[in-house]
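A short worksheet on the structure shown next.
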Amino acid sequence: MPNLEEKDREILRIIQVDGKIGLQALADQVNLSSSPCWRRVKRLEEAGLIDRYAAILNPRILGLRAQAYLQLSLIDHSEETIDAFDRFVQNEPHIVECASITGSRDFLLKVMATDAEELESFIMKRLHRLGIIQSTHTQLVLRQTKSSTVLPV
């Protein structure tokens, strides 16, 4: 982790929870005046510690009630196959996370859909029809006990 001062860590902790916080409110919470607080935030942005600002949407209100983790293996590890898979992942809105993993599978996907039928359709009609997937193992999420974008700072 980069060498951060405690004020920088405080700023990062606060804006992770409330990205819309106003500069003055942020400065008040970290006991700084507006200008030094603004300079710290700008420095954190320029250093790449603050990657971007985003709204966290409520999936249930949006009707996204089915969530699953898919472990999958590709048919091979050629550059062409991996590039095709990467393009698919980047352009597929049902996939909200993708990680290359160790073990007997190649990737772990977090997939969201409106219901189990839409999830099945995604797996069978979109994912497997790529022609580059050797196997998948799907785990449906029954209940989510924690979901957070907040990193330990």
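Quick notes
- Shown here for the range 1-108: trypsin sites (Lys or Arg not before Pro) in loop regions (DSSP other than H, G, I, E, B) with at most 12 other Cβ atoms within 10 Å, namely 20, 52, 60.
- Fluctuation leader among 49, 127, 108 - the chain, Gaussian network, Cα springs under 10 angstrom: 49
- The slack between residue 47 and residue 147, meaning 0.36 nm per residue of separation minus the straight C-alpha distance, is 33.3 nm.
- Principal-axis tilt of helix 79-91 within the chain, Cα atoms, nearest 10 degrees: 60 degrees
- Net charge contributed by nearby residues that have their C-beta within less than 15 Å of residue 65 (K/R +1, D/E -1): -1
- Once the chain from residue 110 to residue 65 is taken as fully extended at 0.36 nm per residue, the excess over their C-alpha distance is 14.9 nm.
- Proximal lysines relative to residue 20, as straight alpha-carbon distance under 20 Å, when same-chain residues fewer than 8 apart are discounted: 7, 42
- Largest GNM mean-square fluctuation among 141, 30, 111, using the chain with Cα springs under 10 Å: 30.
- At most 11 other Cβ within 10 Å, DSSP loop - chymotrypsin sites (Phe, Trp or Tyr not before Pro), the range 46-126: 53
- For residue 125, net neighbour charge (Lys/Arg +1, Asp/Glu -1) across residues whose Cβ lies under 14 Å away: -2
- Value of D in µm² per second that Stokes-Einstein yields for the chain, Kirkwood Rh from Cα pairs, at 20 °C (1.002 mPa s): 116 µm²/s
- Within the range 39-57: backbone nitrogen closer than 17 Å to the residue 29 label point (7 Å, Cα to C-beta): 39-42, 44-45, 50-56
- Using alpha-carbon coordinates, inclination of helix 6-17 to the longest axis of the chain, degrees: 50 degrees
- Euclidean distance between Cα centres, the range 23-81 to the range 115-153, Å: 21 Å
- Nearby lysines by direct alpha-carbon distance to residue 110 (threshold 24 angstrom, same-chain neighbours under 8 apart not counted): 125, 146
The numbers here are math on the coordinates, done by the rules we state, and not lab data. Since the structure is predicted, the reported quantities are computational estimates derived from the model, not experimental observations. Backbone-built Cβ (ideal geometry, glycine too); neighbour counts: all protein chains shown.
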